[in-house]
1. Could you go through segment 118-130 and let me know if any residue there is under 17 Å from residue 88 (Cα atoms), part of a strand (DSSP E or B) and over 14 Å from the mean Cα position of the chain (by Cα).
2. Assuming residue 74 fulfils every condition listed in (1) buried (at least 20 other Cβ atoms within 10 Å of the Cβ); (2) in contact (Cβ under 8 Å) with a residue 60 or more places away in the chain; (3) more than 17 Å from the chain's Cα centre (by Cα) apart from one, which condition is it?
3. Determine whether segment 103-123 contains at least one residue that is in contact with a strand residue (DSSP E or B) (Cβ under 8 Å, 6 or more places away or on another chain), free of Cβ contacts under 8 Å to residues at least 12 places away in the same chain and more than 19 Å from residue 150 (Cβ to Cβ).
4. Checking residue 105 against (1) closer than 21 Å to residue 22 by Cα; (2) in a strand (DSSP E or B), which single condition isn't satisfied?
5. Quick one: is residue 99 without any contact (Cβ under 8 Å) to a residue 12 or more places away in the chain, more than 23 Å from residue 36 (Cα to Cα) and not in a strand (DSSP E or B)?
6. Just give me the residues in segment 45-65 being in a strand (DSSP E or B), over 22 Å from residue 127 (Cβ atoms) and modelled with pLDDT under 95, in sequence order.
7. Among the listed residues 92, 68, 40, which satisfies the condition of being buried (at least 17 other Cβ atoms within 10 Å of the Cβ), outside any loop (DSSP other than H, G, I, E, B), under 15 Å from the mean Cα position of the chain (by Cα) and at pLDDT below 95?
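The values are calculated or read from the model by the stated rules, or taken from the named source; none is laboratory data. Because the structure is predicted, anything quoted here is derived from the model rather than measured. Cβ atoms come from the backbone with ideal geometry, glycine included; neighbour counts cover every protein chain shown.
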């Protein structure tokens, strides 16, 4: 965001991600940028990755927030994001029925991790379990480079997240934020050149 045409100027664009909405044949690209001394989430759209709409605010929970990731379940888009306020730094949950902020906006500041989970975290990613039966989420314990931790739930609507003990998972060393794209076996074999 470069200030052209009356738009805000932002020195950063953190944790960009995108969601494809097939019924609109549209990609929503979103990220957080610092504007007026506060991080907010912005969105642009594209059909072809060559031309993009003017960035506009997507989500403002009323405080600095970063690292939005979005997963669709039915007609609801579930957003998981980091509360960036000092002393908070946890993962929160919000929902909307459209990624177009002119149609609907994200609402919610529900805490995802247990109240007694006091480790500072960021960079949530949520994806469906292969074969169904729920969702996996992971997040970065960034303070002290403590790696990733994982959680799981049966439905996003219920939000019945349970931590998976760190002893039950294995991490790539020094990994940080990331995204998961589910592909078919045939797609994997093509990528591997087989």
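1. First, the residues of segment 118-130 that are under 17 Å from residue 88 (Cα atoms): 118-124.
Applying the additional criterion that residues be part of a strand (DSSP E or B) yields 122-124.
Within this subset, residues satisfying the condition of being over 14 Å from the mean Cα position of the chain (by Cα) are none.
No, every residue in segment 118-130 fails to be under 17 Å from residue 88 (Cα atoms), part of a strand (DSSP E or B) and over 14 Å from the mean Cα position of the chain (by Cα).
2. Only one criterion is unmet by residue 74, namely (1).
3. yes
4. (2)
5. Working: without any contact (Cβ under 8 Å) to a residue 12 or more places away in the chain: no; more than 23 Å from residue 36 (Cα to Cα): yes; not in a strand (DSSP E or B): yes.
Taking the combined requirement at face value, the residue does not satisfy it.
6. Looking only at segment 45-65, we keep the residues that are in a strand (DSSP E or B), and these are 45-46, 56-59, 65.
Among the residues that remain, those that are also over 22 Å from residue 127 (Cβ atoms) are: 45-46, 56-57.
If the condition is that a residue be in a strand (DSSP E or B), over 22 Å from residue 127 (Cβ atoms) and modelled with pLDDT under 95, then 56, 57 are the ones that fit.
7. On the way: 92 fails: at pLDDT below 95; 68 fails: at pLDDT below 95.
Exactly one residue qualifies, and that residue is 40.
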